[in-house]
Amino acid sequence: MRYYRLPGGEPRSSADTLVVIDDDGTAYDLTSVSADLSSFRALARAANANDTSIDTVARNRLDDADRIEFDDADRNIRQPIVADEVWAAGVTYRISEEARKAESGKPEVYIDVYDSGRPELFMKATPSRTVGPWEDVGVRGDSEWDVPEPELGIVLHRGEVVGYTVGNDVSSRDIEGENPLFLPQAKVYDRCCAIGPCIASAETVGDPHDLSMSLSIRRDGETMYEESTTTREMATTCEELVSYLRRHNSLPETLVLLTGTALVPPESFTLTEGDEVIIDIDRIGRLVNGTVTV
């Protein structure tokens, strides 16, 4: 099943509406059953309290839920979950390792990471720095080489994997390339991350290492970059990334872990204000964002 967040409406008291798309493509308003099911976090809490899956909780309420018309291209769709933290992994694909070497004056550090048993993990964004579908991601005003990084996102609740989403880890490559110690400035700033359009349950996604992924960047109606890949190219598994994230690290209630990118625009390209970024991941959905200078 896939879970979307929409603005709430009268006469509800809840601020948001939780919409679920079942395996047949039928849309249901879960919040119509109970105002307590107004968010994905609330659904995950219910599943955790009953020691069951989010899909089981949702299926048990579908008979009482209102069927609705739903368009997954609706520009009112909000960020599916406001995660307490967003983390990210780097150099999990060979092309990412090659791109990091190309941008950096110290390429040996990326070779060491790619060949290491320990993955690169870093804090990517706080809630205030994360945007949802159709909102603008940001490029830094003091950077001259910026790229979107399409990534599969793992959604965790109380440390356990409950689903997957689409993420955009926007990066200032010239800042990071100048010195690896500048990574936080290259990665963490206003509107540096996008999440959406939904959360697909682990049951719906199945094998997260067998998903097609594509990136398209449009400028003034012209396609500037378009390419696709598959998560089969990941050198580090989702299970390994989650395992390292948990080590000696108390995780917040909800967290998204981005798993690295295999789609890197050429060195001649930089993301600019007004660009539209479209990321598609099989069995999850399409994340669309504009771009603004911050």
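Evaluate the stretch 229-247: report whether one residue or more is in the same structural domain as Trp134 (by the TED database), surrounded by fewer than 22 Cβ atoms within 10 Å (Cβ to Cβ) and closer than 24 Å to Ile77 by Cα.
Checked the stretch 229-247: no residue is in the same structural domain as Trp134 (by the TED database), surrounded by fewer than 22 Cβ atoms within 10 Å (Cβ to Cβ) and closer than 24 Å to Ile77 by Cα.
Glu226 - would you say it is free of Cβ contacts under 8 Å to residues at least 12 places away in the same chain, closer than 21 Å to Leu271 by Cα and open to solvent by 70 Å² or more (accessible area, probe 1.4 Å)?
Judged against the criteria, Glu226 is not a match.
In this structure, is Thr259 among the β-branched types (Val, Ile, Thr), touching a Cys at 6+ places or on another chain (Cβ under 7 Å), open to solvent by less than 20 Å² (accessible area, probe 1.4 Å) and assigned by the TED database to the domain that holds Gly167? Break it down stepwise before answering.
Numbers: among the β-branched types (Val, Ile, Thr): yes; touching a Cys at 6+ places or on another chain (Cβ under 7 Å): yes; open to solvent by less than 20 Å² (accessible area, probe 1.4 Å): yes; assigned by the TED database to the domain that holds Gly167: yes.
It is true that Thr259 is among the β-branched types (Val, Ile, Thr), touching a Cys at 6+ places or on another chain (Cβ under 7 Å), open to solvent by less than 20 Å² (accessible area, probe 1.4 Å) and assigned by the TED database to the domain that holds Gly167.
Suppose we filter the stretch 177-209 for residues that are within 26 Å of Pro266 (Cβ to Cβ), charged (D, E, K, R) and open to solvent by 10 Å² or more (accessible area, probe 1.4 Å); how many remain?
Residues in the stretch 177-209 being within 26 Å of Pro266 (Cβ to Cβ), charged (D, E, K, R) and open to solvent by 10 Å² or more (accessible area, probe 1.4 Å): 2 in total.
What strands (runs of 3 or more DSSP E), lying completely within the stretch 1-76, carry at least 2 residues that are open to solvent by less than 20 Å² (accessible area, probe 1.4 Å)?
Filter on the stretch 1-76 gives 2-7, 16-21, 27-29.
When you go through Asp174, Asp136, Asp142 one by one, which is the residue that is open to solvent by 10 Å² or more (accessible area, probe 1.4 Å), farther than 23 Å from Arg247 by Cα and in contact with a Gly (Cβ under 7 Å, 6 or more places away or on another chain)?
One residue alone meets the criteria, Asp136.
Any residue at all in the stretch 147-162 that is over 30 Å from Asp51 (Cβ atoms), open to solvent by 50 Å² or more (accessible area, probe 1.4 Å) and not small (Gly, Ala, Ser)?
There is no residue in the stretch 147-162 that is over 30 Å from Asp51 (Cβ atoms), open to solvent by 50 Å² or more (accessible area, probe 1.4 Å) and not small (Gly, Ala, Ser).
Say whether the condition of being of a type in the set (D, E, K, R), assigned by the TED database to the domain that holds Glu276 and modelled with pLDDT under 95 is met by at least one residue in the stretch 119-131.
The answer is yes, given that some residue of the stretch 119-131 is of a type in the set (D, E, K, R), assigned by the TED database to the domain that holds Glu276 and modelled with pLDDT under 95.
So that you can scan it fast, the table gives a plain yes or no per residue for (1) at pLDDT below 95; (2) more than 23 Å from Asp16 (Cβ to Cβ); (3) not in a loop (DSSP other than H, G, I, E, B):
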residue	(1), (2), (3)
Val113	yes, yes, yes
Thr165	no, no, yes
Glu176	yes, yes, yes
Gln185	no, yes, yes
Pro197	no, no, yes
Asp207	no, yes, no
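Looking at the stretch 57-72 only, could you name the residues that are within 22 Å of Val256 (Cβ to Cβ) and either assigned by the TED database to the domain that holds Leu255 or not acidic (Asp, Glu) (or both)?
Val57, Ala58
The values are calculated or read from the model by the stated rules, or taken from the named source; none is laboratory data. No experiment lies behind these values; they were computed from the predicted model shown. Neighbour counts are summed over all protein chains in view; Cβ atoms, including those assigned to glycine, are modelled from backbone coordinates with ideal geometry. Ligands, DNA and RNA are stripped out before the accessible areas are found, and what is left, the full protein with its side chains, is counted by its heavy atoms. Shrake-Rupley method; radii C 1.70, N 1.55, O 1.52, S 1.80 Å.
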